[in-house]
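To start, the structure itself, in structure tokens.
Bear in mind that the values in this text are calculations on the coordinates, not laboratory data. Remember, predicted model here, so these are calculated numbers, not experimental data. No Cβ is skipped: glycine too gets one built from the backbone with ideal geometry, and neighbour counts run over all protein chains shown.
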6 protein chains.
Amino acid sequence: MYSDRVRGVYPGRFQPMHKGHLQVIRWALQNVDELIIVIGTAQESHTIANPFTAGERMVMIREALRESGIDLSRVYIVPVPDILLNAVWVHYLRLYVPSFRYGIARNPLVVRLFKEAGYEVLVPPPYDRERYSSTRIRRLMIQGDDTWRELVPPAVARVIDEIGGVERLREVTGRD
Amino acid sequence: MYSDRVRGVYPGRFQPMHKGHLQVIRWALQNVDELIIVIGTAQESHTIANPFTAGERMVMIREALRESGIDLSRVYIVPVPDILLNAVWVHYLRLYVPSFRYGIARNPLVVRLFKEAGYEVLVPPPYDRERYSSTRIRRLMIQGDDTWRELVPPAVARVIDEIGGVERLREVTGRD
Amino acid sequence: MYSDRVRGVYPGRFQPMHKGHLQVIRWALQNVDELIIVIGTAQESHTIANPFTAGERMVMIREALRESGIDLSRVYIVPVPDILLNAVWVHYLRLYVPSFRYGIARNPLVVRLFKEAGYEVLVPPPYDRERYSSTRIRRLMIQGDDTWRELVPPAVARVIDEIGGVERLREVTGRD
Amino acid sequence: MYSDRVRGVYPGRFQPMHKGHLQVIRWALQNVDELIIVIGTAQESHTIANPFTAGERMVMIREALRESGIDLSRVYIVPVPDILLNAVWVHYLRLYVPSFRYGIARNPLVVRLFKEAGYEVLVPPPYDRERYSSTRIRRLMIQGDDTWRELVPPAVARVIDEIGGVERLREVTGRD
Amino acid sequence: MYSDRVRGVYPGRFQPMHKGHLQVIRWALQNVDELIIVIGTAQESHTIANPFTAGERMVMIREALRESGIDLSRVYIVPVPDILLNAVWVHYLRLYVPSFRYGIARNPLVVRLFKEAGYEVLVPPPYDRERYSSTRIRRLMIQGDDTWRELVPPAVARVIDEIGGVERLREVTGRD
Amino acid sequence: MYSDRVRGVYPGRFQPMHKGHLQVIRWALQNVDELIIVIGTAQESHTIANPFTAGERMVMIREALRESGIDLSRVYIVPVPDILLNAVWVHYLRLYVPSFRYGIARNPLVVRLFKEAGYEVLVPPPYDRERYSSTRIRRLMIQGDDTWRELVPPAVARVIDEIGGVERLREVTGRD
């Protein structure tokens, strides 16, 4: 029954999704029946910090999960635009997603916002954030350094290639 | 490969999803590789026209597809808030969904907006709109007429019961 | 100490405040230490449904309380603009007001929203809503029927006169 | 010198511009050095009340003025999106237009808003509003009654034909 | 009578209120009959620059005034969300507050905006801005330096303690 | 006929317009029948980056074109507020302007956005961007260096003087 399953919400921007994200997703699926992956700042694209659209990020995540043999029927992937009201954010999230029991986060502000809204928080084990970081991946892309490919699941690299993502990111950062 | 699959977008409000919607979804899946179901007016809930949250509607649709034996890995379900700019709406949709080839719609305005944006439109065969209508279902719920249950997939009725949907709709319409 | 006092929130549009509202305020002050009066739809003015600005409504309420001998130091009067997201509204309210224990409301939707957000609700005894109704008062003003003056506290009538409120309401409803 | 010229602001929605509007514009140009025509509700299009985009309305007005031999260098045509704050509207208008001395309006609310903002108002002589009315023109278009063509300047009818305006309006009003 | 009293508007963010603010308030109350304290950027909280909600800031101010023996019935405290249109801001403010004669400000932009909107400006005598600065107070809080307590009225420190304000500010600034 | 004329769109912020902009406009008018100059970020004014209102910028451009002997009847000048959705921006632009064939831009992001939206792009020859830069002009104004006058068309300098633009910019950048 829908209301019997235990769900957790894992929010991120996924610009782009990397292997650290995938590790969190695997871990989370050991702790909940269904996982809700929230693609935040869904309205933004074509900027340095947010080059990919929410739709593209949704495809990257789904293809990576499929490739990893993760059961898609246990995962919701939901784009959510910003509301710019921190204190209201978790309640606003609830509009867009199935009911859930846990927030899944390490960031202290996000942990706090889930707790202030009355949710328990599952804190995933840390991954190597020096290495796996979307900001770093975007920087490598701009510099023309192909080692970013090792940092993301193969399916993500493939989607980025199909949509011409590296070229777009470079144009977004260009000057006249 | 992601870009080889043919996708179509089927937008609706699904307040709630009924058997007519399900018929369209089945038909669409015979015409595309992957179907993107857009839950429109995602930001609204707890009103007479839009009693259910986007998250609840997402659950209804998913449970109904599962129950009908439809392959969830061929379907994207994506909530999209209103933009209130008709002429821009299709382009705004594209932000939130994977790239697609077809719009799927019968409503003349929606058909027109897809065409103005350069998309082909797949027009599904009509279903009995006198009978299968979300507006009518909400009216029956408010009147306490249980025949609305025959108009929606069983899974939808079950989710509505679990969330106390009929009671909510009645309170939303109440006066002091 | 701030956190020891029991507070309740009473939301309304107060277009304009009438004697029914005053009755609720008196009753509420017997049940809480401090009362937070929320002036809703604060952003709107100069329309038929919302002729007065939030600032003007704040003055009306304050002058009426003063006139009635109510201790202003027990009352917060807070204008809050609409958010248009019913399910989030109570949490959004919390941004603008001191922390509180009770919602104060009779309207079933408002009662429900307070309860969904985890608040107890104090339901004030009913007043004569046929007689005391802001909609009715505005209709009388438009018709040039001065009996509206009997329906509002004298201080409210005085403020409306000072700001030329009846004339404004008539012009707002005028046609070319 | 820029600041020596006397300017007036004439706001409207122009859905579509008709001969009554043209009459007001001619009259206004006898009373000011430069006329600022504000195209209101600029963000909306493809609806029954607002079928045409701001850009299309701008073209209609400009072509009609040109056809009428009016000196375009004395006229500004400026699209302005809604702000939904009546009391602020005139000040918001000032952001989008050159500085001006007069508001030009007959509608009592608009007259009042200009006056509250400290502007003098030029009230143009009335035209036959039974006959020249954008609402009536749109109704005729929907009904397939070609007499709407007599109510608009020839250039406006030509632009509407070029953009397929009547067909669009009918599709906008269509049902599934 | 309402319209006879002379009012001034003093806008600030009060993140948090400090002794310099209190000094300005005392000074202002010697120059006007009623003081309107506007809590700006009311929509924001839980960020480094704006850790406290508008409701919390309202409590801080009110408790500090009470503690200082200031007559609350001469003061309005009004939260106002941002409009992000500088040129319109003063007119937008007017929606939320009682009518007023003076702006109260030292910041050149704010002074200019009040003057452009046709208001006289009362410029309060300067206080020691090196010492009394909300930015500095927040920095001390983050650094764990308790000397911030000397910079705010005792009632403000007490409210911050009751709401766990220092802990919140630190979590808001934390990294994963 | 309206639809026969070839139009191009040239977007900029024009804070303020300088001789480089004028050079682009002259060049563009050799390549299109009608030029649409879009004044972007139209909603913003009274900030360091955007000191002038859209209305003032419209006047500057028009006066400069007039002074240069450019035929105003071949030019549309259209203020457009930001939408903050890069991927939708060109389609949103289309709401506000007449239909067009070309985007006119050198900035790689803008070029890309026009192309993604299906438009051809005309790339104007470069001008001396070290010398002709609005950012530089604003910096000179703040520093009290009058050489900014050589960088803008004489009509622009005149309008800036008439509106007290330099003084405003300095006050906007002032501190308490």
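From the square roots a ≥ b ≥ c of the eigenvalues of the alpha-carbon gyration tensor of the stretch A:2-171, which class results: rounded (a/c under 1.5), prolate (a/b over b/c), or oblate? Before the final figure, lay out the partial values.
On the way: a/c = 1.79, a/b = 1.51, b/c = 1.19.
It comes out prolate by the Cα gyration axes.
Taking a Cβ cut-off of under 10 Å around B:Asn50, the surrounding Lys, Arg, Asp and Glu residues balance to a net charge of +2, with basic ones at +1 and acidic ones at -1. Within the straight-line cut-off of under 20 Å between alpha carbons, the lysines reachable from E:Lys115 are D:Lys115, sequence neighbours fewer than 8 places apart in one chain being disregarded.
Using a Förster radius of 35 Å, what is the FRET efficiency between F:Arg170 and A:Thr135 based on their Cβ-Cβ separation? Nearest 0.05, please. Rounded to the nearest 0.05, the efficiency is 0.40.
Inter-copy label distances at D:Asn107, shortest first and taken from points set 7 Å along Cα to Cβ: 2.6, 2.6, 3.4, 3.4, 4.3 nm.
Comment: the Cα-to-Cβ extended label point of E:Pro125, at 7 Å, lies 5.5, 6.5, 6.5, 6.5, 8.8 nm from its counterparts in the other copies, nearest first.
Net charge near D:Gly144: determine it from the other residues with C-beta under 13 Å of the C-beta of D:Gly144, scoring Lys and Arg +1 and Asp and Glu -1.
Details: positive: D:Arg138, D:Arg139, D:Arg149, D:Arg170; negative: D:Asp145, D:Asp146, D:Glu167.
Value of the local net charge: +1.
Need one word for the protein assembly as shown: rounded, prolate or oblate. Basis is the Cα gyration tensor (sqrt eigenvalues a ≥ b ≥ c); a/c below 1.5 gives rounded, then a/b vs b/c decides.
Details: a/c = 1.22, a/b = 1.00, b/c = 1.22.
It is rounded, given that a/c, with a ≥ b ≥ c, falls under 1.5.
Computed from the Cβ-Cβ distance with R0 of 25 Å, the FRET efficiency linking C:Glu120 to B:Glu162 stands at 0.55.
For the stretch D:21-93, a simple Cβ point-charge model (Lys and Arg +1, Asp and Glu -1, everything else neutral) yields a dipole of about 80 debye relative to the Cα centre. For the rotation that superimposes chain A on chain E, which residue of A has the C-beta lying nearest to the axis, and at what distance in Å? Closest Cβ to the A-to-E rotation axis, residue and whole-Å distance: A:Leu84, 6.
Label-point spacing for B:Asp145 across the identical copies (point 7 Å from Cα in the Cβ direction), in nm and ascending order: 3.6, 3.6, 6.8, 7.2, 7.8.
Just from its helices, what would the mean residue ellipticity at 222 nm be for chain D, if runs of 4 or more DSSP H residues each count -39500 (n - 2.57) and the sum is divided by every residue, rounded to the nearest 500 deg cm²/dmol?
Details: 7 runs with 69 residues, N = 176.
Roughly -11500 deg cm²/dmol at 222 nm, from the helical runs in chain D.
One Cα centroid belongs to the stretch C:3-32, the other to the stretch C:103-148; the line between them spans 11 Å.
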